[in-house]
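J.: Take this structure first; my questions come after.
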Amino acid sequence: MEESSVFLLCLTASSGVPLYCRSKSSRQLTFSVIGSLNGVHMFANNQDVLLTSTRTENSRVLWRTFHDSINLIVMSCESNASDHSLNKLLENVFNAMVLVIGLDDLINIKNVERLKKDFRACYKLIDSFLTESEKMGDLTQCVDCVIAHDAAILQECLDGFTQAAESEFGCLLTGGKVVVATEKWWRLASQDAMLLCWLVSSLSPHSSRDYPVYLPQGSPTVPHRLLTFQLVPGVDVCVLCGPSPSLQKVESELVERFWKPVLDPVKSCLRVQLRSFPASVPLHHGILGILLVNQDLNKSLYTVQVHPTEDMQRSDMKCILEQRRAALRSFYTLAMSRYFRPDHHDGKTQYEESFPMGFSHHAHQCYTVSSSHKCYAMKTDLHLLFLLFKMDVPTFSMRAIANKTMQVFTKDFTF
């Protein structure tokens, strides 16, 4: 495989019929390779052996079967790929299919050719999980958020708009990140809320849309309507509702009435889209990236563009940001699979390494040092904080900087 390639295969579990193949690159797998990957998995099953993953000299392959109906296979040769991150990818992909198509059609496959056509509606969402992005929800399973200047004003407007649209589930998005959301929206399963945000950001911009969706955790067999309205380019308001009201009624009677008076605060959301929080939030000059997870509300702040004064016009800045994203994602995966064991198991498969086994205590802080950067993480009862540092930041000072950063976001700018 070529460097940094990722291939995702979807097949029927009973007969191994290929349903689709998606790739991070333009290259596609040959039929013989697809047959080999599925064949070795089917052979293992026939021998009562559960084959979940394997590694070669330059690649890693994972298999997952969902509801004894759909087989998903991912093959990656990326250096930062891990069982933890690739298993998350497979879960996200299957739930993306449930979100768009519904669980019934995936469990009871009656017409393979028709299902292949239905899958086309999932491609943009699935592809968004294969590419690097400015969001982290695919790994954290939390909702990516931003802290806006006029959050109180926008919250009041959203609550009124959602109620007028005969719903209790609504949110305001900028770049696929939640600015504000209704109380009931936060009560959705975190994976459902995350997928809805990723779906909206993966679709082509449109002034309004009425999109049928299934909630993988909350309502996998009964569809709901997702109404979205573009307030300004890059900012959308979303409402999850039932059969009424009509899209035309909400667009013609409610959108302008509620959102025109707060057009300036809406536009200001664009200024915090990439950084995820206002420039007035003071952070140490040595921090290159940050991921803060609120474990209670299942929401997160994430950025690798921490400092507004950083020269974004540099010709190599795109490459630099990609390297930071890869480093912070890799560190998060390492910490969550090896050091930060979950306090409560929800019954789902946990992808932890065997390293912590036998230890009587759980780690609450960890760090790594490489030739290009340093990373530090800390866990509290409510939050998880992951920081990416410049190399010149003294290792002994990372803990103090992390504690100060945590205080900024929990006391000064509550998140």
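J.: Output the residues belonging to segment 1-34 that are open to solvent by 40 Å² or more (accessible area, probe 1.4 Å) and in a helix (DSSP H, G or I).
T.: Phe31, Ser32, Val33
Results for (1) assigned to a strand (DSSP E or B); (2) under 23 Å from the mean Cα position of the chain (by Cα); (3) under 23 Å from Val143 (Cα atoms); (4) not hydroxyl-bearing (Ser, Thr, Tyr), shown as yes or no for each residue.
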residue: His206; (1), (2), (3), (4): no, yes, yes, yes
residue: Arg209; (1), (2), (3), (4): yes, yes, yes, yes
residue: Pro212; (1), (2), (3), (4): yes, yes, yes, yes
residue: Pro220; (1), (2), (3), (4): yes, yes, yes, yes
residue: Phe229; (1), (2), (3), (4): yes, yes, yes, yes
residue: Lys249; (1), (2), (3), (4): no, no, no, yes
residue: Val255; (1), (2), (3), (4): no, no, no, yes
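J.: Which condition number does Leu99 fail, the rest of (1) closer than 29 Å to Met336 by Cα; (2) modelled with pLDDT of 95 or more; (3) in contact with a Ser or Thr (Cβ under 9 Å, 6 or more places away or on another chain) being met?
T.: Going through (1) closer than 29 Å to Met336 by Cα; (2) modelled with pLDDT of 95 or more; (3) in contact with a Ser or Thr (Cβ under 9 Å, 6 or more places away or on another chain) one by one, Leu99 breaks only (3).
J.: Still on this structure, please answer the following. Would you confirm whether or not segment 252-266 contains a residue that is touching a Lys or Arg at 6+ places or on another chain (Cβ under 8 Å) and modelled with pLDDT under 95?
T.: no
J.: Sort out which residues of segment 6-60 are over 23 Å from Ser128 (Cβ atoms) and in contact with a helix residue (DSSP H, G or I) (Cβ under 6 Å, 6 or more places away or on another chain), and write them in order of number.
T.: Gly16, Val17, Leu51, Ser53
J.: Give, as residue ranges, the helices (runs of 4 or more DSSP H) completely inside segment 94-182 that count at least 2 residues that are in contact with a Cys (Cβ under 8 Å, 6 or more places away or on another chain) and within 30 Å of Ala327 (Cβ to Cβ). Explain how you work it out, then say what you get.
T.: Values: elements: 103-107, 112-119, 123-130, 137-140, 151-164.
Qualifying helices (runs of 4 or more DSSP H): none found.
J.: Follow-up question, since we're still on this one. Using beta carbons and a limit of 6 Å, which pairs, at least six apart or on different chains, have the first residue in segment 135-146 and more than 14 Å from Val304 (Cα to Cα) and the second one assigned to a loop (DSSP other than H, G, I, E, B) and open to solvent by 10 Å² or more (accessible area, probe 1.4 Å)?
T.: Cys142/Asn298
J.: Test of understanding: among Ser207, Ser201, which residue is hydroxyl-bearing (Ser, Thr, Tyr) and surrounded by 16 or more Cβ atoms within 10 Å (Cβ to Cβ)? Give the steps one after another, and end with the answer.
T.: Values: Ser207 fails: surrounded by 16 or more Cβ atoms within 10 Å (Cβ to Cβ).
So the residue among Ser207, Ser201 that is hydroxyl-bearing (Ser, Thr, Tyr) and surrounded by 16 or more Cβ atoms within 10 Å (Cβ to Cβ) is Ser201.
J.: While we're here: Return yes or no: is Ile101 touching a residue at least 24 places away in the same chain (Cβ under 8 Å), hydrophobic (A, V, I, L, M, F, W, C), open to solvent by 40 Å² or more (accessible area, probe 1.4 Å) and touching a helix residue (DSSP H, G or I) at 6+ places or on another chain (Cβ under 9 Å)?
T.: no
J.: Hey, Thr140 hits all of (1) open to solvent by 20 Å² or more (accessible area, probe 1.4 Å); (2) closer than 30 Å to Val408 by Cα; (3) hydroxyl-bearing (Ser, Thr, Tyr) but one; which does it fall short on?
T.: (1)
J.: On to the next question. Within segment 143-163, take every residue that is modelled with pLDDT under 95 and more than 30 Å from His84 (Cα to Cα) and give me the one that is surrounded by the fewest Cβ atoms within 10 Å (Cβ to Cβ).
T.: The extreme case among them is Ala152.
J.: Now for a different question. Please give the number of the condition Leu270 fails out of (1) open to solvent by less than 60 Å² (accessible area, probe 1.4 Å); (2) closer than 30 Å to Val306 by Cβ; (3) in contact with a strand residue (DSSP E or B) (Cβ under 9 Å, 6 or more places away or on another chain).
T.: Failing condition for Leu270: (1).
J.: Output the number of the condition that Arg271 fails; it satisfies all remaining conditions of (1) closer than 30 Å to Ser372 by Cα; (2) assigned to a loop (DSSP other than H, G, I, E, B).
T.: In the conditions (1) closer than 30 Å to Ser372 by Cα; (2) assigned to a loop (DSSP other than H, G, I, E, B), Arg271 misses (2) alone.
J.: The conditions are (1) over 28 Å from Trp198 (Cβ atoms); (2) at pLDDT 90 or above, and Leu115 fails exactly one of them. Which is it?
T.: So the condition that Leu115 fails would be (1).
The values are calculated or read from the model by the stated rules, or taken from the named source; none is laboratory data. Values in this document were obtained by computation on a predicted structure and should not be read as measured data. Here Cβ is always computed from backbone atoms with ideal geometry, including for glycine, and neighbour counts include all displayed protein chains. With ligands, DNA and RNA removed, areas are computed over all heavy atoms of the protein, side chains included. Shrake-Rupley method; radii C 1.70, N 1.55, O 1.52, S 1.80 Å.
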